[in-house]
Every structure is written in C-alpha cells, then in structure tokens.
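See structure below.
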Amino acid sequence: MKKLLLPILFLLIGFEAFAQKNFTVSGTIKDNATGEQLIGASVRIKELPQMGTATNSYGFYSLTAPKGEYTLVISYIGYETIEKSISLTKNLDLTVAIGSKSELKEVVISSNKPNNDNVAAPQMGVEKLNMSQINNVPVLLGEKDILKTISLLPGVKAASEGNTGFYVRGGASDQNLILLDEATVYNASHLFGFFSTFNSDAIKDVSLYKGGMPAEYGGRLSSVLDVKMNDGNNKDYTVQGGLGLISSRIKVEGPIVEDKGSFMISARRTYIDLFLKASSDSTVKGSTLYFYDLNAKANYHFDDKNAVYLSGYFGKDVLGLKNTFGTNWGNSTGTIRFNHIFNNRLFSNTSLVYSNYNYAIEDFESDNNFKATSQITDVNFKEDLQYSISNDHTLKFGLNILHHTIAPGNITTSATSSFNDKSIEERYGYENAAYVSDDWRVNSKLTFLYGVRLSGMFLLGPGTFSTYDEAGNTISSKSYTSDQLVKAYFNLEPRFSASYLLNEESSIKASYNRNTQNIHLLSNSTSSTPTDLYVMSSNNIKPEIADQVSTGYFRNFSDNIFEFSAEVYYKWLQNQIDYKDGAQLIANQDVESQLTYGSGRAYGLELFIKKKYGRFNGWIGYTLSRTEVKFADINDGNYYPARQDRTHDLSVVGIYQLTKRWNLSATYIYGTGNAVTYPTGKYEIGGLTTFSYSQRDGYRLPPTQRMDIGATLEGKQHKKYHSSWTFGVYNVFAYRNPYIITFRDSKTVPNTTEAVETSIFATAIPSVTWNFKF
Amino acid sequence: MRTIKLYISFIGLTIFATSCTKVIDLKLGNDSGKLVIEGNITQLTGPQYIKLSQNVPFTNTNVYPAVSGATVSVTDNQGNTYPFVESPSGTYSIAAMAGVIGNTYTMTVVTGGTTYTAKSTIPDFVNLDSVTSRPAIFNTSKNLRQITVHFQDPAGIANQYRFVMYVNSVQVKSIFAFNDQFSDGRYSNIDLIENDIDVHPGDTVKVEMQCIDQPIYTYWFTLMQQDPNGPGGGVTPSNPPTNITPASLGYFSAHTTQTQTIIVK
C-alpha cells in the first residue's frame, strides 16, 4: 500500500501546482420535485465544448476551467436541460435542481441538442438504463424487472426463458458482480429465477459494465451490475404502490427534515400460493410458495459537505409442502455510507457494507427429518476518493477490505431420523484491494481512462485444509489455527480505455482489462435450486482470471437522437471451474476434490442502435458471439461450446407514446438455442436403456423467439392522487420455445426411444396491474 | 436427496403448470459398434453373468448386437481363476460360483484384439430389514403409493447401496443409488421415488438391494443424476465413469444382493 500511496501523493501535489490559475465549480445535481440526486447527469460548459463531466453516484460534480464567464449546461435523460450563467472568477458551489419531463405531463421533444456523451466518454462496454425505460418494457406477469430488461441489451443473454440469471460476453452467471448500494447480492433471483430481487419501485439507477471495467470495481470476471436505490423524496410525503396478478407492492417516502434528509421504504409480496389453492392435488393445495422484499433507505445531509446514507435490503423466498418439507432462502444487505466533500475537487465516500445469503432446507417427516442450513456473510469496508485535479485529470483511488465467512453446511436431525447431524467447517478469508485510475483528457479528441487494481486474497484458518490429486483423492491434510494464513494470492489488474473523437458525432474506442475472481459458485444443477454453494480461492482453487480486449466504433445521427455502436471483444479465461462426473457438492467437507479446472475463450461482435428521444424510442441490439471452454478430462481435452454460448442474439425494444395517456411498448427477442449434449447412441445396462454420448455440448436447442407487448394507461390527473393501469401480454404469439429436450423409451412404440421437448410458456400470458400514487 | 427430488417435482407441478411436452424428431449422430460390458458377481451361488454387446444409433430399435467369441474370465485375490463360457451368444457365464464378501475380483475380457480388465470388491452385507408402502406425496387424487426401504446402516464404515425395483414383475426405469454420507450408523428409511410406473394398492412390488463398492456407486450415481427427474435436476449428461480399462461402456460390479417382495396395501 505504502508503495502505491507515495507516487499518488506526488502526482496530486504536482497537479495542484499546475492547476493554480483555474477555478472550480462544483455541487450536486438534483431532481427539483423529490430532491433525489441524479447519477450520471451531464454538466458541461457551452463555450468550451470539450469541458464536461458527469455527476458521480451521489450526484456530485466538479468542473475546473480557466477564469471566465460561461454558460453551464446541465442535462439528464428524461429531464429538462438547464442553462446557467456563471462567472468563474473564484471557486463556486453550485447545486442545481432540474425538472423531470414526466412532471410536465406532456410529450416534450427537447429543444436542446442531446449530448454526445456516449460518443465522447472513454468508457466503453457500459450500459445505463433509466427507470422510465425499464418501467415501459413489458415483462412476464407484469413484474417490471431490471434483470430481464438488461438481458435485452447486446452482449447480455438471459440464462433461460423466464429466468433472471444472465450471461455477459460469454461469462457464467456467477461471474457477474451484482451490487445493490455497494452490497453484493449473491442470489439475485426469486422463485427459481423467474423474478429478480430488485423491486423496481425502489431502484434509482442501473449501470452494467460489460468490458473496460473501471478500476474501482473488481472481484468478478464478466460484468458489474451496479444498482442504486432511491434516496426518498425530501420535499413531500408520497405513497405509491401497485396491485398485480401475482404480487402487490407499496412504497412510502418522505422528508425526515425537509431538504436535509429523507427516507424510503418499499415492500413487495407475491401470492402465488393463492393459485395453488385451486389445484386438485391436495398436497399442492396445502403448499406454501411466496416471496417478499423489503428495501429501506434513509439519508441525512448535515451540511453541504457531509451526508450519511443508510440502506438495507431484505428478501426471502418461502416454499414448502405441509408436513413434508420446507425450504427458504434469501439475501439481506445493509450499507452505511458517509460522504464528505473535503473541498470543491476532492470527494470522499466511506462505506461499511454487510451482505448475507442463506438457505435452509427442512424435512419434517419423523423418520427422515433434518434441517440443513448454509450461508455466506460479507463485511466490507470501502474508502473511495474522487479528485478532480484539473479539467484534464480526474483521479479515483481507494481501498477495499472485504471479509468473507462461509458456512457451507450444517445439518441437524432428531434421534428418529435416518440422518446424522453434520457440520462442515466454516471458511474465512479476506479479499482486499487498492486501486487508482485517472480520466485524462489529452486533448479535445483523445481521452484515456486508465488505472490499476491490486487485489489480494487471503484464506485464513482455523480449519483442516486438504489437497487432492487429479482423481480427487486426499494427498495431504493440514490443520491451521485461527487467523493463520492458509493461502494468499495477489493479482495486478490493469484497466485501460481510450477514446478518440473523429468528429462531433463519431469516435473510436478501445480497452483492455484484466479481472480476477476469488469467490466461486458451485452448482452443478441445470435447474435453479437455492442450494448455491460458494467457495473461496484456496490451496486447490486458483483465482479465475479474465483478460479482455475490445474496440468499438460509436456514431450518433440526427443531432445525437440516434446512437449507434459496434463493439468487438475477445476474452481469455483462465482457471475456470467445472465438476467431475457424479460430483457431490452438498455438505461435502471435501467439495474441492470434486472439481476440475480448465480454460476458456469468448469473442463476439455487438451492434446497437438506440433512439433515446421522442414519442417513439427504443433500441435494436444484435450480438454475434462464441464462447468455448476446455477441460482436460471433458471432450478429449478439446474446446467445446459453453452452456452460455449463443451464436445469434437479437432484441428489439419499441416504446411509443400514443396519446397523453396511452403508452404502448413491445419487445421481440430471437436467440440461437443453448448448447446441449444429446445422446448419439444407446445401449442396455442394468435392464435400462442407457444413452451414450460422444461430444459435450455438441448440439443446439432450436432457436427461441418471443414477442411481448405492453400498454400503460395513465389515469386522469387528480390533485391528490394519480393512478395508472399496466397491461401486458407475455409471449403474445404463443411460441413454443423449447426449454429442455429429454430422451426416454417410447411410451407408444415398444422397443424404441424418443426425444421429448418441453416448453414452459407455451401460451400467451396476460397480466394487469393497477398502480397508484398519492 | 429425497428433499431435493421432492423440490424438483414440486417445481414441475407448480411453475411448469403452463408447460407442455411433445415428441420431436431430431437429427442425432450415429454412435454405434462400441463395446458394452456388463459384468456382475454376487455372493449367491451362480450362475454369474458377464454380457458383451454393442451400442446402436438412437433411432434404431432397442436391439443390441451381441459380441461373440470373446475370452472372458474372472480371478479373485485368493489366486482362483473362473473361466466364463458363452451361451447364448454374447452372454458369458459360470455355473457354480459364489462371490465371497471382502474378496476383490478382476474381470478380464479379450475381444477384438484388446484386453479389458476391471476390479471390484464385494462390500460387507447389510440386511434389508423391510420394504413398506405408504400414500404418495403428489397426485393424491389418484390414490398412489410410494415404496420405502428400511435397513440399519453399519456405523463407522462407508456403505453404498443400489436398489432395483419391480412393479408386477416390470422393472422401474429409475436408478436408485445411495450412500451413507449423511446417514452413517443410522436406521435408514429411504423412499424410492419414481414416476415411471404408478404403484397402486394390490400391486406386487419386488425390491433388490445391492451393497456396492465406491467406484460402482459413482457409476450409478452419475447415471441417476443425469435423469431429468433425478436429484441432479438433469446435469449435463456424459458416459458415466467406468471401472473398466481401457474405458468401454458399462461396468464390472462385485456386490451383495438380496430381494424382498411385498403386496402393496
């Protein structure tokens, strides 16, 4: 650490001296109706077009320019653009509140030219979604869902139909870092993956990094999904909610102290079990099946320089059969953050983050009873600093100390049970990191975003740690005492992005980044079960490493109304994990003996055209890609397509504001089927027809396609309250998309075998939700 | 295991309520002519059988060509050699041989110029206490039964079991392989959950219990996990790891066997 700090310090002092004749304008950009800070709002100087910045996660901006009279232009999608005259003869504090267009209740086509940030910013491989878009995209059963909307973007693929699991640029679903107010969400799905844990009422901003990861993020190979919760209205109390077919939700927000502090509480509960009551099967009738979420947040601004934020999430799925078995699983997170503005150029955020994922499975029958529990708990200290050295350099640096506790499995039983009590040793470790990055505007055309992240993984005792040979037999075992170091790994992760502006409307960008991952999900089931098991890098498991290069061409048309981009990427993956045949992962002390290691590669082309403004907006995304993995003992050691390999992936999203009150939307997706393993022959063993296989993932499920439509009817505007109806039809053409294909002895023709295709949503599924706000 | 199987059945019944299935035609590869060896030695006095056949393409009928003219023998770790003779074609047997608990048997098969060998040890005998039936958990309106096996697992040693179930003399197309990883030394009650043949009161159910060694357990467990309705929820399928070298399809298992038959109440 010391080695790193010293050069940084010199750098700071150097720039400080150089920057004397400039002045800085800094402050916060907010929504004028709710006081919510706006993330990623653009702040630029009209007279100096190359001088611009965007607000950070707390709405803070800092812009340094030579002494002079300027016009500050503040813009944010969905908001009115505002111009402010400033006299930059000294450092200025300028907090600006801007109005949302939706508040005007009419369709506005902005008179100001939309900005070209997407072309000019060095960051590539990033997708930002704003909530109004998410709210208008039709989804299954009317549940707005950020994860499902994200899977409509190029380079992102839904794991399977109806599932919120997603693959980014060929990465597995556990290679996505999913953050909710900085807390890791380990299992972002409800109900076997059909819904995500993110209640869109409580969400303010969503960013997905697919490549060129900024140095402040680390710990996962493929992507970072950074989700920020609403802070709460600090001007008025409001209540809003919705009644839907399968769930209802309510949100309450308001000021704690007007303009100084606010709170937000949002809750959602599903009631699918009500439908099960209609089942003719008395066992299904007596079953439980629901989930709920609770998001809460509060903030208080002591003054212009100091603010504290508290946020928390709690969600649980509960499923069970009366007197037979029960299972529940869920995440809980908590974040305390303290913002401090040292001066108009140095912004600091200190966070203390807690995150937990746990599940329990219980069997109630007296001769088979047991209760098995498993959990992972993180405590994370983060310090992030942002220093606007000059208009040419913005430095970000910080450190991160993350402690993991993993309790892989604990089984308790009664004396009459068939099962024994069993407890698998807990595992402890630190994942620490320090990073520094600089956003450097070399000249009006060339910008670099470069940095480095040093990550250290420390696996600690107490416990017995074994090493295994290739066949999974124990070679040696060693006991470690509390806090004794078992294994340490250090990785230097360079991050580099560059952008070159060809003209006002087009640019080329390139990036290279290395990411490492020290926490790995073990789950060899293809169906989504809650029994996710996490392991840290250890004496057996090496950190997973990904190196990605990408380059792209970005072009805007018609005064930045249309955005087009084409990106290509190539990714090398090392130390990938798979399971040996017949692997036993649940409550296995020697779970690491069940693993096998290999490598992978992923490459592809992503095309994206988006219309952000106007009555009609939406996007078309297309990805052509390939993802392959290689394991010595699978497929004769040759590369084979990974499960997440998808050659073609197309999504079309259209949103149309028909009248003041009616908003229509539609999405269409088409994708190559998943790579699957089909039998190539058969034989008889043990009296059973058994299939023989010659190539792993050598076949494809047929392609999937689906069209969903939605409509929103805004109620008449009342003084006190406002209501709306959301209608949707999922799979409007009732495509039979294959979910799985299985093979069996024929039920109709004796002595033959047959292939059977199962589709889960073979019909159109309508939905309706009533929303209110007062 | 049982709970996870129930969980998967439950998902099937609820979430996939909107699902539907159909039989489809697929173009599949043509993998055929590979040697399949299935060898079993039990503690009961013979005949003991080793069957040699070949696999056929998926689209063929379930008729598997016999492999004739092989030289097949078994030796034990006491120095005895047991030659197997072919009759009928592809079936190699020895009339009066009984495996001995604790002995390790080595199978040698010479065919097509290649010598295949495999080793397996007969584990300790664990007594099948009883087989019972009770109302099935799902589909309650159909008044179905499910079968439970009961036995005392010996404490302190690793045991592996395989069960084969027959309903009215028809073998159930499900694999049941268990070990005592979670139940060492306990009195075990294991539900043989299957959805191949509905069991009704009055049916005759026969259950064979085998005590198998670790490699053979891995073989059956791998096959069981690949069953789409199995505890693995249908993991990526592959040929299960055989104990035969050089690798062929099939296995050689030395195990104990016993059966019980009940009339379902």
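Since every read-out is calculated from the coordinates, none of them should be taken as a lab result. Predicted model only: the values in this text are computed from it and were never measured. Note that each Cβ is placed from the backbone with ideal geometry, even for glycine, and that neighbours are counted across all protein chains shown.
Observations
- Taking only the Cα atoms of the stretch B:195-265, the ratio Rg/Rh comes out at 1.07, with Rh defined as the Kirkwood radius.
- Volume per residue of the convex hull around the Cα atoms, evaluated for chain B, comes out as 149 Å³.
- The protein assembly as shown - convex hull of the alpha-carbon atoms, volume per residue in Å³: 168 Å³
- Backbone HN-Hα couplings from phi across the stretch A:309-326 [Karplus 6.51/-1.76/1.60, Hz, Gly and Pro as x]: 10, 10, 9, x, 9, 9, x, 8, 10, 10, 8, x, 10, 3, 6, 10, 8, x
- Cα radius of gyration and Dmax for the stretch A:226-773 (Å): 27.1, 82
- Label-point separation, A:THR89 to A:ARG269 (7 Å along Cα→Cβ), nm: 6.2 nm
- Lys/Arg +1, Asp/Glu -1 at C-beta; the stretch A:659-746 dipole; positive extreme among A:PRO703, A:GLY686, A:SER724: A:SER724
- Violating pairs (Cα-Cα greater than 27 angstrom) within the set A:LYS148/A:LYS204; A:LYS542/A:LYS571; A:LYS297/A:LYS542; A:LYS422/B:LYS119; A:LYS90/A:LYS509: A:LYS297/A:LYS542; A:LYS422/B:LYS119; A:LYS90/A:LYS509
- Normalised by residue count, the stretch A:593-675 yields a Cα convex hull volume of 126 Å³ per residue.
- FRET efficiency, A:ARG601 to B:THR106 (Cβ-Cβ, R0 41 Å, nearest 0.05): 0.40
- Length gained on full extension, A:ASP636 to A:ILE256: 130.4 nm, using 0.36 nm per residue less the C-alpha separation.
- FRET efficiency, A:GLU69 to A:ALA734 (Cβ-Cβ, R0 51 Å, nearest 0.05): 0.20
- Cross-link pairs A:LYS660/A:LYS716; A:LYS277/A:LYS322; A:LYS128/A:LYS612; A:LYS30/A:LYS660 - those with Cα-Cα distance over 18 Å: A:LYS30/A:LYS660
- Whole-number D in µm² s⁻¹ for the stretch A:408-526, Kirkwood Cα-pair radius fed into Stokes-Einstein, 4 °C, 1.567 mPa s: 67 µm²/s
- Gain on full extension, evaluated as 0.36 nm per residue between A:VAL749 and A:ASP547 minus their Cα-Cα distance, stands at 67.5 nm.
- Take the Cα of B:LYS206, go 7 Å toward its beta carbon, and the backbone nitrogen atoms of the stretch B:127-171 under 16 Å from that spot belong to B:131, B:163-171.
- Sum of -39500 (n - 2.57) over DSSP H runs of 4+, divided by residues of chain A (222 nm, nearest 500): -1500 deg cm²/dmol
- Stokes-Einstein D for the stretch A:126-225, Kirkwood Rh over Cα pairs, 37 °C, 0.692 mPa s (µm²/s): 242 µm²/s
- For B:LYS206, a cut-off of 24 angstrom between C-alpha atoms picks up these lysines, skipping any fewer than 8 places away in its own chain: A:LYS747, B:LYS5, B:LYS51, B:LYS142, B:LYS173, B:LYS265.
- Sites B:THR114 and B:ALA66 - FRET efficiency at Förster radius 22 Å, r taken between beta-carbons, to 0.05: 0.80
- Contour minus Cα-Cα distance for A:ALA407 and A:THR763 (0.36 nm per residue): 124.0 nm
- Per residue, the average separation of C-alpha pairs within less than 8 Å and at least 6 apart gives chain A a relative contact order of 10 percent.
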